[in-house]
1. What is the local net charge at HIS125, summed over the other residues whose Cβ is closer than 13 Å to its Cβ (Lys, Arg +1; Asp, Glu -1)?
2. Between ASN130 and HIS159, what is 0.36 nm times their sequence separation minus the Cα-Cα distance? Round to one decimal in nm.
3. With a 1.4 Å probe and all protein chains left in place, how much of the accessible area of the stretch 49-137 comes from carbon and sulfur atoms, in whole percent?
Amino acid sequence: MSASRTSRRIIATLVASGTLIGAAALPAVAAGPHRHAPRSAVVIGKVQYNSPGRDDRSNRSLNGEWVEVKNTGHRAVQLRGFTLTASDGTRYRFHGLLLEGHSAVKVHSGVGRDTRHDVYQDRHHYVWDNNRDTATLRSAHGRILDTASWGRGAHHLRHHHR
């Protein structure tokens, strides 16, 4: 066998073994194009978009409408910078609230004193449209975590978890 033929066989063997070693070193994520980002543990829970009683714009009536933000996971999540937005662009930004695992906070429209279970947008007008609206929850980085929509005559919410 000639030196060049032997060299070619050795190089071919090295290339083939290098390809196998390289393939074994690739992360499992690279194996499939259909990998989805994990669903967020922080989602929209219940929504009270139609304040009970008369819509008289009193603070009590304003605080009767709220959106619940739930942490369905085991670990606490810092909500600083998370936002909750209505279809008309009205936005509430969380300021330094640590939401414990398996707990929830209600975001009320009116004025009040924030606690770990209730926060207030301090608005003097209703935020959520009784007939048709969408609540969108975003992370501090702007990623949509969840949406909840309701429409005219609907008796339940439609959620779109991301």
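The values are calculated or read from the model by the stated rules, or taken from the named source; none is laboratory data. Bear in mind the structure is a predicted one, so any value in this text is a computation, not a measurement. Because the Cβ atoms are built from the backbone with ideal geometry, glycine has one as well, and the counts that use them run over all protein chains shown. Side chains included, ligands, DNA and RNA excluded: accessible areas come from the protein's heavy atoms. Shrake-Rupley method; radii C 1.70, N 1.55, O 1.52, S 1.80 Å.
1. Numbers: positive: ARG57, ARG123; negative: ASP55, ASP56, GLU65, ASP88, ASP122, ASP129.
Net charge around HIS125: -4.
2. Working: separation 29, 0.36 × 29 = 10.44 nm, distance 1.69 nm.
Net length gain for the segment: 8.8 nm.
3. Details: 2160 of 4940 Å².
Roughly 44 percent of what the probe reaches on the stretch 49-137 is carbon or sulfur.
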